[in-house]
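Presented below is the structure to which this report refers.
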Amino acid sequence: MSRNTACDRHIHPITMPQLKLTYFDTHGGRGEPARLAMRIGNVPFEDHRFAFSEFAEIRKSTPFGQVPTLHVDGAQVTQSDAITRYVGKLAGLYPTDAYQALLCDEVMDALEDLNVRLGQTFGLQSDALKEAREALVKGPMTLYLTWLQTNSEARGGRYFADQRLTIADLKVFVMVRWLNSGRLDHVPGDLVARVAPDLLAIWHSLPRRRPSSWVDADPLVTHGADDHLTLLTLIHAIRATSTSAHKDHGLCGSLKGGSLPRLAILRWLACKLPVANDS
């Protein structure tokens, strides 16, 4: 008997709260898991995005000078994980079982630990930044990524809690995407592939289970497909799970030379990546 996805089985109440999420106009960061949860769960909300240059003014209207914030029927709420859990419940992406909720929260809080450690390096410059980031890569980043991979394997290798998509998976998705982006100085773009390659398979299986509204807004499709290093890393993950992918040496050569069109690459990846089966 097939089991419906969170989106299929979740029936919204007759009256949903009016929601307004305020966060940077970027595909990532602490506000992104909540955005993704509401899109996946078809939860109506106002997506108030603003440029980094506007933050000095925006923060004046927040209790702690921080974002994201969520307005619920006009009442402002802070704290990113609290917001993500709340909208995750509305979207059907948070476990109802107490123990599974604990497992979900464990992953969420571990990733927040890593966010805090990374945040402490922002504002550093030159040698100080290099030293701090390299220490993070060798220590906490490797520790947390390895732990996430071990956790995933112990729970079946597809989801981090409840044997289905939850907000924990979304937060892992956002973190892995950030680490793979190559935009963090002194953090190698292949770090995840080297220390926790199985996370890449989870990371890139999520797009096969998400609605078109999320696909349209995803930076891999709209911004990041020209990042050949990221694409080669994805192929490395595919080869780890698919013997047929070993035959595709020609694609790797074309990627290195930058000769394949972006959409052709994405179509190829869609064929090779494992398809989620929620039955």
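What to note about this one:
- Peptides 99-109, 41-51 ranked from most to least packed give 99-109, 41-51, packing being the mean of other C-beta atoms within 10 angstrom over each peptide's residues.
- For segment 103-135 versus segment 157-178, the gap between their alpha-carbon centres in whole angstrom: 19
- Greater than 27 Å apart at Cα, pairs in Lys138/Lys171; Lys20/Lys171; Lys89/Lys138: Lys89/Lys138
- Shape call, segment 34-145: gyration tensor on alpha carbons, a/c limit 1.5: oblate
- Residues whose amide H falls under 5 Å from that of Thr69, counting only those 5 or more places apart or on a different chain, are Thr22, with hydrogens built in the peptide plane.
- Rounded, prolate or oblate (a/c below 1.5 giving rounded, otherwise prolate when a/b exceeds b/c) for segment 143-186 by Cα gyration tensor: oblate
- Cα gyration tensor of segment 6-91 - equivalent ellipsoid semi-axes, whole Å, descending: 23, 13, 10
Read-outs: derived from the displayed coordinates by stated rules, not from any lab. Fair warning: this is a prediction, and the values are worked out from it, not measured in the lab. Methodologically, a virtual Cβ is constructed for each residue, glycine included, from the backbone with ideal geometry; neighbour enumeration extends over all protein chains shown.
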